[in-house]
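The values are calculated or read from the model by the stated rules, or taken from the named source; none is laboratory data. From a predicted model like this one, the values you see are computed outputs, not experimental measurements. Glycine gets a Cβ as well: all are built from the backbone with ideal geometry, and neighbour counts include every protein chain shown.
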Amino acid sequence: MQRRHALLLYPFFAIVLWAGNVIASRLSAHTIGPQAITFYRLLLAVALMSLFVGLPAWRNRSVLWPLLGPFAILGFLAMCLFQCLSYLAAETTTATNMAVFTALTPLLTVALSALLLGEAPTFGMVGGGVLSLGGLVYLVSSGHPPALLQSGVHPGDLLMLVAALVYALYGVLLKRWNLPVGGWQSTYMQALCALAIMFPAFLATPAPLRQLNSETVALIAYAGGLASVVLPFLWIRGVQHLGPNRCAVFMNLLPVLTAAAAIVMLGEPVRPFHVIGGGLVLAGVALAQTFKRPILRRKAAATTAT
């Protein structure tokens, strides 16, 4: 039992590192360009993973090479597009809002699975979706939903919503393709493809080498080392021992840990609308994860009875 509880530390510390990555994204705003930090973090991550994944991946090249297309798509979604959108969003929204939108990913994954994989929608997905939508409206309107009609939504919040959708699509494709490759080799190949994809964007960045300084190097080290190598290791180990569903529950901790870190490190205030709106979002996500009874099954049964 004690060992079972100790295994919970894998996803917990993974989320701790993820919260730190959100803070690093906020610190990078107006300091280093999104394309530059995304490229540098990928370069560092690939270099570190090459130390222990490179040789096994080379030996397994007959299996990996035919899967280059899926690896490129997955790497682009999770490691290029999602990261760039997050860094752009950090310029015009708070770390707390970023974490709340990211925590919406499990619910969006369930919704996209119903649309793209034909999985039956559940009562929890519908009810949780409505609840989370209300929470998001309350959050982005700073507690005054009618104000959205006048002032609209902050660009950063919209970018984070798109980023969450992108990451949800990544999860759906990962599930659909079910690539016959281990977690580390899959992550490594995705990072290699993402690095190649980001290289032209990096070259188009004005003076990318000048953006390297003592401040940005520390952010790149965190993003490329802890967030891109240690975090996946902890998450993969957690999924192996606990299963994906139990690990997904820990995503609900992301806004809480991020908000606490934002208060201490960034001086960002947490106001009542953060608590209420974010709480409704997390309640909706938890609802979708808990009530998994398909809606269509009941309809099918009713039709059969008739």
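Just checking, does segment 205-215 include any residue being among the basic types (Lys, Arg), over 15 Å from the mean Cα position of the chain (by Cα), under 30 Å from residue 8 (Cβ atoms) and surrounded by fewer than 20 Cβ atoms within 10 Å (Cβ to Cβ)? There is no residue in segment 205-215 that is among the basic types (Lys, Arg), over 15 Å from the mean Cα position of the chain (by Cα), under 30 Å from residue 8 (Cβ atoms) and surrounded by fewer than 20 Cβ atoms within 10 Å (Cβ to Cβ). Flag: residue 200 does not match the condition of being touching a Ser or Thr at 6+ places or on another chain (Cβ under 6 Å) and either crowded, with 20+ Cβ neighbours inside 10 Å or farther than 22 Å from residue 64 by Cα (or both).
Filtering segment 41-49 for residues that are more than 18 Å from residue 280 (Cα to Cα), crowded, with 19+ Cβ neighbours inside 10 Å, in contact with a Leu (Cβ under 8 Å, 6 or more places away or on another chain) and modelled with pLDDT of 85 or more leaves a non-empty set. Among the residues making up segment 115-133, those that are surrounded by fewer than 19 Cβ atoms within 10 Å (Cβ to Cβ) and in contact with a strand residue (DSSP E or B) (Cβ under 9 Å, 6 or more places away or on another chain) are 119, 120, 121, 123. Those helices (runs of 4 or more DSSP H) of segment 201-272 in which at least 3 residues are more than 18 Å from residue 87 (Cβ to Cβ) and out of contact with any Cys (no Cβ under 7 Å at 6 or more places or on another chain), considering only elements entirely within it, cover 231-242, 244-249, 254-261.
Filtering segment 172-192 to residues that are over 10 Å from residue 71 (Cα atoms) and among the aromatic types (Phe, Trp, Tyr) leaves 177, 184. Only residues that are surrounded by fewer than 20 Cβ atoms within 10 Å (Cβ to Cβ) and closer than 20 Å to residue 164 by Cβ were counted in segment 18-30, giving 2. Remark: residue 234 matches the filter, which requires a residue to be crowded, with 16+ Cβ neighbours inside 10 Å and touching a helix residue (DSSP H, G or I) at 6+ places or on another chain (Cβ under 8 Å). The set of residues in segment 78-100 that are buried (at least 21 other Cβ atoms within 10 Å of the Cβ) and farther than 27 Å from residue 193 by Cα comprises 93, 94, 95, 96, 97, 100. Can you pull out the helices (runs of 4 or more DSSP H) entirely within segment 1-107 that have at least 2 residues that are among the aromatic types (Phe, Trp, Tyr) and over 16 Å from the mean Cα position of the chain (by Cα)? Those helices (runs of 4 or more DSSP H) span 34-50.
Screening residue 231 on (1) closer than 16 Å to residue 72 by Cα; (2) within 17 Å of the chain's Cα centre (by Cα) shows it passes everything except condition (1).
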